[in-house]
Amino acid sequence: MNINIRPAQLSDVESIFTIRTSVVENHLSREEMQEMGIAESTVSNMIEESRCAWVATDNDKAVGFSMILREKGSLFGLFVLPDYEGRGIGRRLTEIAEQALFKHHEVAWLETDKNSRAAKFYLHLGWGNMTTLDGAYIRLEKQRGS
């Protein structure tokens with residue numbers, strides 16, 4: 001396995017949606033994403049205008065991605081195909097996203113379900129300053145240099 005990480009391209013949008021809809025935890029269908037305003041065209045525009053996403057590939061097959069909202073200082077999404085979990089891909093995608101956010105912000109933030117594996121993952125990577133949001137969601141922050 002030779003995992004490479006590179007900036008996302010417009011040709012990756014379909015793979016990004018395939019990865020996003022493949023996860024078991026925090027699963028969303030394409031229809032549910034569409035209802036939230038997340039469509040292929042939205043992601044294409046974000047990639048083209050903001051250079052805000054990265055794709056992990058295994059022999060040219062997209063197996064994970066991370067995406068930020070640069071202007072807001074937020075890690076917007078990080079997902080890895082279930083068959084590729086536990087191999088350090090999520091950690092590498094997180095680090096790249098953090099580096100991009102910390103070029104523009106002193107503090108980065110994200111939101112996730114407080115009872116999720118993702119919450120444990122981010123806490124393990126040094127995200128903290130937990131704030132409880134509506135229901136089961138939390139906001140985590142990470143400071144530059146931490």
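Please go through segment 11-43 and pick out each residue that is polar (S, T, N, Q) and surrounded by fewer than 18 Cβ atoms within 10 Å (Cβ to Cβ).
Within segment 11-43, the subset polar (S, T, N, Q) is 11, 15, 18, 21-22, 26, 29, 34, 41-42.
Scanning segment 11-43 gives 11, 18, 21, 22, 26, 29, 34, 41, 42.
A count restricted to segment 101-127 and to residues that are out of contact with any Phe, Trp or Tyr (no Cβ under 9 Å at 6 or more places or on another chain), under 11 Å from residue 146 (Cβ atoms) and not in a loop (DSSP other than H, G, I, E, B) stands at 2. Answer with yes or no whether residue 87 is basic (Lys, Arg), at negative phi, surrounded by 16 or more Cβ atoms within 10 Å (Cβ to Cβ) and not in a strand (DSSP E or B). Considered against the rule, which asks whether it is basic (Lys, Arg), at negative phi, surrounded by 16 or more Cβ atoms within 10 Å (Cβ to Cβ) and not in a strand (DSSP E or B), residue 87 comes out as yes. The selection criterion, being buried (at least 18 other Cβ atoms within 10 Å of the Cβ), modelled with pLDDT of 95 or more and either hydrophobic (A, V, I, L, M, F, W, C) or under 14 Å from the mean Cα position of the chain (by Cα) (or both), holds for residue 110.
Of all residues in segment 39-51, those satisfying the criterion of being among the hydrophobic types (A, V, I, L, M, F, W, C) and in contact with a strand residue (DSSP E or B) (Cβ under 9 Å, 6 or more places away or on another chain) are 43, 46, 47.
Answer yes or no as to whether residue 83 is among the charged types (D, E, K, R) and without any contact (Cβ under 8 Å) to a residue 24 or more places away in the chain. Break it down stepwise before answering.
On the way: among the charged types (D, E, K, R): yes; without any contact (Cβ under 8 Å) to a residue 24 or more places away in the chain: yes.
Answer is yes for this residue.
Counting the residues of segment 45-72 that are surrounded by fewer than 20 Cβ atoms within 10 Å (Cβ to Cβ) and either more than 20 Å from residue 90 (Cβ to Cβ) or of a type outside the set (A, V, I, L, M, F, W, C) (or both) gives 13.
Quickly run through segment 20-49 and pick out the residues that are assigned to a helix (DSSP H, G or I) and touching a residue at least 40 places away in the same chain (Cβ under 8 Å). Even if it seems obvious, please write down each step before you answer.
Our first condition is that a residue be assigned to a helix (DSSP H, G or I); within segment 20-49, this holds for 20-22, 30-35, 40-49.
20, 22, listed by residue number.
Applying the condition of being more than 11 Å from the chain's Cα centre (by Cα) and among the β-branched types (Val, Ile, Thr) to segment 53-107 and asking which residue is farthest from residue 26 (Cα to Cα) yields 107.
The values are calculated or read from the model by the stated rules, or taken from the named source; none is laboratory data. Model, not experiment: these values are computed from the prediction. Don't worry about glycine lacking a Cβ; one is built from the backbone with ideal geometry, like all the others, and counts go over all protein chains shown.
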